[in-house]
Amino acid sequence: MSKITIISTISQIDAAQWNTLADGHPFLRHEFLLALEKGESVGDCFGWLPRYFLYQDVNNELLGAIPGYIKLNSYGELVFDWAWAEAYQRMGMRYYPKLVVAVPYTPATGKRILFHPDVSLEQVAPALIQALLDYAQHESLSGVHCLFPTESELAVWQQQGFMPRLGCQYHWQNNAYTDFDDYLAHFNNRKRKMVRQERRRVVEAGLDIRWYRGDQASEQEWDIMFDFYRNTFDEKGGMATLTRPFFQQLSRTMGEQIYFVLAWSAQKPVAGALFFCSDDTLYGRYWGCCEHYHSLHFELCYYQGLEFAIRQGLQRFEPGAQGEHKISRGFLPQATWSAHWLRESALQAPVEDFLHREKVAMRQYMAQLEKSSPFKKTD
């Protein structure tokens, strides 16, 4: 006998039980999701209202879970549906609020239906997904949207009537490289020369590059990294939704999975980049600077991360969403997915048709991008 429970704060569930389901993925850990809440990076002010769906047995043992949020906007999702919202408005209907299954502000693929090692995905998924649909109906939400699930999990969502949507990011795979020079040896001559020139520019600028682990960095060093993160949003007219208390909480509770790198010029910090790390993957997240140096962005966000990943024996490096310029540095097109259900049945067919045509175009786009690979054709 099992039951579905819906809670509005992850603090109501035991951290050890939740983390047993999360498999060490940094963005799915109880500590990460709790820091978002305690740091007020989610909530009414930013339009992310937590709703965690729990699958428990008769002894209240957690066997499955879905991290969900009622969304009052589409900010911070990185799967763009503003055109859908406009279509709803033109038809005199409300697109918001909606229900989103996601990690806020984090376009990283991972499990969205969490399950205990003693059970299978198929055992918990139908009941949890049905609970999402029932909740959306009861609360008059426009739909349910699962963002960045794994491709293997996508089929489960489709079986429950969700429409798949194809996206594209740029990821790096470790082919047993021994060091950065070995990695570049697999490049064609032109792209290898480009990378070396970019790295040389940073060296010639006399910058000192230093790495910090989250739980070992000082408050002052964290303040520097946070200021760079915030400055990027200020310069682009955006909103820095991750607060300083959020990062303070993370440095205490899961700092061993967080790294950042700072560039110093004459004892003055001039740029920084932030990373998260799992057992096999490095995730690039945020970058910022107060002075501009040629190629410094590439050095901190990509080349430093690549060296770290090779040194640590990591299998993948996901440097974040978007950016075709990543391809020439060895990050190749990778399919990403989302899954969508709309309560308004009249809109299912036109949206499904749009998603089909979009998928065809995206496949063609990705095939074209593959031709820009920097790797030798003999690889």
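Would you work out the Kirkwood radius for segment 133-262? I mean one over the mean of 1/r across all pairs of different Cα atoms, in Å.
Computed over segment 133-262, the radius equals 19.9 Å.
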What dipole magnitude, in Debye to the nearest 20, does segment 175-314 give about its Cα centre under +1 on Lys/Arg Cβ and -1 on Asp/Glu Cβ?
500 debye
By per-residue mean of other Cβ atoms within 10 Å, what is the highest-first order of 231-244, 268-281?
268-281, 231-244
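If you wrap segment 287-357's Cα atoms in a convex hull and average its projection over all directions, what's the area in nm²? Please report the intermediate quantities before stating the final value.
Details: hull surface 32.2 nm².
For segment 287-357, averaging the hull's shadow over all directions gives 8.1 nm².
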Could you please state, rounded to a whole Å, how far the C-alpha centre of segment 318-379 is from the C-alpha centre of segment 16-54?
27 Å
Here D for segment 160-218, in µm²/s, from Stokes-Einstein with a Kirkwood Rh over Cα pairs at 4 °C and 1.567 mPa s, works out to 82 µm²/s
Given the candidates Ile209, Leu63, Ala35, the one whose Cα lies deepest towards the positive end of the charge dipole of the chain, counting +1 at each Lys or Arg C-beta and -1 at each Asp or Glu C-beta, is Ile209
Show that you can apply the helix-only estimate: for the chain, add -39,500 (n - 2.57) for every DSSP H stretch of four or more residues, divide by all residues, and state [θ] at 222 nm to the nearest 500.
-11000 deg cm²/dmol
Between Leu347, Leu78, Leu154, find the one with the highest GNM mean-square fluctuation for the chain; connect C-alpha pairs within less than 10 Å.
Leu347
Could you list which residues have their amide H under 5 Å from that of Thr336, counting only those 5 or more apart in sequence or on another chain, with H placed in the peptide plane?
Gly167, Cys168, Gln169
If packing is taken as the average number of other Cβ atoms within 10 Å across a peptide's residues, how do 369-375, 131-137, 93-99 rank, most packed first?
93-99, 131-137, 369-375
From phi via Karplus (6.51, -1.76, 1.60), per-residue ³J(HN,Hα) for segment 247-261 in Hz, x at Gly/Pro
5, 4, 4, 4, 4, 8, 9, 8, x, 5, 9, 10, 9, 9, 10
Of Phe187, Ile10, Pro245, farthest towards positive along the dipole that unit charges on Lys, Arg, Asp, Glu beta carbons give the chain:
Phe187
Percent RCO, i.e. relative contact order, over segment 1-159, from Cα pairs under 8 Å lying at least 6 residues apart
23 percent
Above 38 Å lies some portion of the pair distances; for the chain, what is it as a whole percent of all C-alpha pairs?
21 percent
Once you charge only the Cβ atoms, +1 for Lys and Arg and -1 for Asp and Glu, what is the size of the charge dipole of the chain about its Cα centre, to the nearest 20 debye?
1220 debye
Per residue Cα convex hull volume for segment 1-109, in cubic angstrom?
110 Å³
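Taken together, the values in this text are just the output of simple stated rules run on the coordinates, not laboratory data. Since the model is a prediction, treat every value here as computed from it, not as a measurement. Every residue, glycine as well, gets a Cβ built from its backbone with ideal geometry; the counts of neighbours run over all protein chains shown.
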